[in-house]
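Taking it in order: structure first as structure tokens, then the write-up.
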Amino acid sequence: MRIIQMIVIVISLFGPPISLANANYAERSEVQVMVKRLAAKGLNPNEILTLMSEAKRLDSVINAMNRPAERKKWKDYRSIFLKRPRILAAKSFHQKHRETLARAELELGVPVEVILAIIGVETYFGKNKGSFRALDALATLGLDYPKRAKFFLGELESLFLLAREENLSVTDLKGSYAGAMGFGQFIPSSYLAYAIDFDNDGRRDLINNPADAIGSVANYLMRHGWDTAYGVASIVSDAAFNVKKMESAIVIKETGSELTAKGVKGIPPEWAQLPLDVLGLHGTEGDEYWAVTKNFYVITRYNRSPLYAMAVTQLSEEIAKELAL
């Protein structure tokens, strides 16, 4: 009896047994509500329930969510992406898709090197698109990852809508542990909202079609406010300004001249009237400080991490040098 009591206490403290944790997702109340919403939008509820009954909980997805690369310091994060082989891969990708990239810059206003850097950071130009079934990853995070459950349950719903709209098989879609897919790693809601058919073949294929991926990355940045009149980042001296939080989210609000008056040294003269922020990073040779523009903020709409945005920025600069852009 005492042993049974102890087992009951352990279960109450640490949650349901594994068999319950891996129960049929189709039976979850959250899924029932989602199915009703999707049925109201014209999807077959029985098909969705069948798919959800086949979805698997992936502990590897939860583990990956708990240790993202963005938790590294800048000096370690930078070394992942700013390497010669990735720059040469950008050159090769550019050679294959030169005309498409040039058209994306002309029509959508986003520099070729920035488009390349995004795709290079996201998937190494299509080499690493992810091996997780999007259905499994999003079901796991939407139903068994409480910290972000609401967000990922919404992405799971968007996955079904995306499959219908683009005539895709839900069970065949693969991507990252967070359910992002294709060359540019679009989550389902972003795929629905920002993907474009850039080669006019009647489909928005970000998974296998580099042209659509190129156009869609540029479209995403353009729609979030990319401005060809702005630069992205320039190294400065913190001096008396004193950045309060290192490697944290930026707030674009003060002009270059206002920051200069507060003690920031080295802001480009042409940025005097631009709204900026100062980003502090832990570099390989000590702390470093960067004046960043609205375009840097736009990159953080693609991925909220300022480390990600700086990796894209610096990789784009190296690519531009390599391609003599």
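Output the residues belonging to segment 65-79 that are farther than 14 Å from residue 122 by Cα, in a loop (DSSP other than H, G, I, E, B) and of a type outside the set (Lys, Arg).
66
Go through segment 127-142 and report how many residues are surrounded by fewer than 24 Cβ atoms within 10 Å (Cβ to Cβ), of a type outside the set (Asp, Glu) and more than 15 Å from the chain's Cα centre (by Cα).
4
Looking only at segment 285-325, count how many residues are in contact with an Asp or Glu (Cβ under 7 Å, 6 or more places away or on another chain) and either free of Cβ contacts under 8 Å to residues at least 12 places away in the same chain or within 18 Å of residue 218 (Cα to Cα) (or both).
Total satisfying the criteria: 7.
Can you name the residue in segment 80-92 that is touching a residue at least 60 places away in the same chain (Cβ under 8 Å) and not in a loop (DSSP other than H, G, I, E, B) and is also farthest from residue 288 (Cα to Cα) among such residues?
If we take residues in segment 80-92 being touching a residue at least 60 places away in the same chain (Cβ under 8 Å) and not in a loop (DSSP other than H, G, I, E, B), then 91 is farthest from residue 288 (Cα to Cα).
Of the residues that make up segment 52-68, is at least one out of contact with any Cys (no Cβ under 6 Å at 6 or more places or on another chain), within 22 Å of residue 176 (Cβ to Cβ) and β-branched (Val, Ile, Thr)?
Here is the first cut: in segment 52-68, the ones out of contact with any Cys (no Cβ under 6 Å at 6 or more places or on another chain) are 52-68.
Okay, now just the ones that are also within 22 Å of residue 176 (Cβ to Cβ), so 52, 54-68.
This time we only want the ones that are β-branched (Val, Ile, Thr), so: 61-62.
Looking for residues that are out of contact with any Cys (no Cβ under 6 Å at 6 or more places or on another chain), within 22 Å of residue 176 (Cβ to Cβ) and β-branched (Val, Ile, Thr), one finds at least one in segment 52-68, hence yes.
With respect to residue 204, determine if the residue is basic (Lys, Arg), in contact with an Asp or Glu (Cβ under 9 Å, 6 or more places away or on another chain) and touching a residue at least 24 places away in the same chain (Cβ under 8 Å).
Considered against the rule, which asks whether it is basic (Lys, Arg), in contact with an Asp or Glu (Cβ under 9 Å, 6 or more places away or on another chain) and touching a residue at least 24 places away in the same chain (Cβ under 8 Å), residue 204 comes out as yes.
Name the one entry in 202, 215 that is farther than 22 Å from residue 305 by Cβ, out of contact with any His (no Cβ under 9 Å at 6 or more places or on another chain), assigned to a loop (DSSP other than H, G, I, E, B) and at pLDDT 95 or above.
202
Testing residue 267 on (1) surrounded by 18 or more Cβ atoms within 10 Å (Cβ to Cβ); (2) touching a Lys or Arg at 6+ places or on another chain (Cβ under 9 Å); (3) free of Cβ contacts under 8 Å to residues at least 60 places away in the same chain, one condition comes back false. Which one is that?
So residue 267 meets the others, but not (2).
Would you confirm, using the coordinates I've provided, whether residue 76 is surrounded by fewer than 21 Cβ atoms within 10 Å (Cβ to Cβ) and touching a Lys or Arg at 6+ places or on another chain (Cβ under 6 Å)? Full working, then the answer.
Details: surrounded by fewer than 21 Cβ atoms within 10 Å (Cβ to Cβ): yes; touching a Lys or Arg at 6+ places or on another chain (Cβ under 6 Å): no.
No; evaluated as a whole, the condition is false for this residue.
In segment 100-119, is there at least one residue being surrounded by fewer than 19 Cβ atoms within 10 Å (Cβ to Cβ), assigned to a loop (DSSP other than H, G, I, E, B) and either in contact (Cβ under 8 Å) with a residue 12 or more places away in the chain or among the basic types (Lys, Arg) (or both)?
Checking segment 100-119: at least one residue is surrounded by fewer than 19 Cβ atoms within 10 Å (Cβ to Cβ), assigned to a loop (DSSP other than H, G, I, E, B) and either in contact (Cβ under 8 Å) with a residue 12 or more places away in the chain or among the basic types (Lys, Arg) (or both).
So is residue 130 at pLDDT 95 or above, of a type in the set (Gly, Ala, Ser) and out of contact with any Leu (no Cβ under 7 Å at 6 or more places or on another chain) or not?
Yes, satisfied.
Scan segment 281-302 and give yes if some residue there is within 21 Å of the chain's Cα centre (by Cα), part of a loop (DSSP other than H, G, I, E, B), closer than 19 Å to residue 186 by Cα and not hydrophobic (A, V, I, L, M, F, W, C), otherwise no.
no
In segment 256-275, how many are touching a helix residue (DSSP H, G or I) at 6+ places or on another chain (Cβ under 8 Å) and either of a type in the set (S, T, N, Q) or in a loop (DSSP other than H, G, I, E, B) (or both)?
5
Quick one: in segment 173-199, which of the residues that are surrounded by 23 or more Cβ atoms within 10 Å (Cβ to Cβ) and outside any loop (DSSP other than H, G, I, E, B) is nearest to the chain's Cα centre (by Cα)?
186
The values are calculated or read from the model by the stated rules, or taken from the named source; none is laboratory data. All figures in this text were calculated on a predicted structure; none of them were measured in a lab. Glycine gets a Cβ as well: all are built from the backbone with ideal geometry, and neighbour counts include every protein chain shown.
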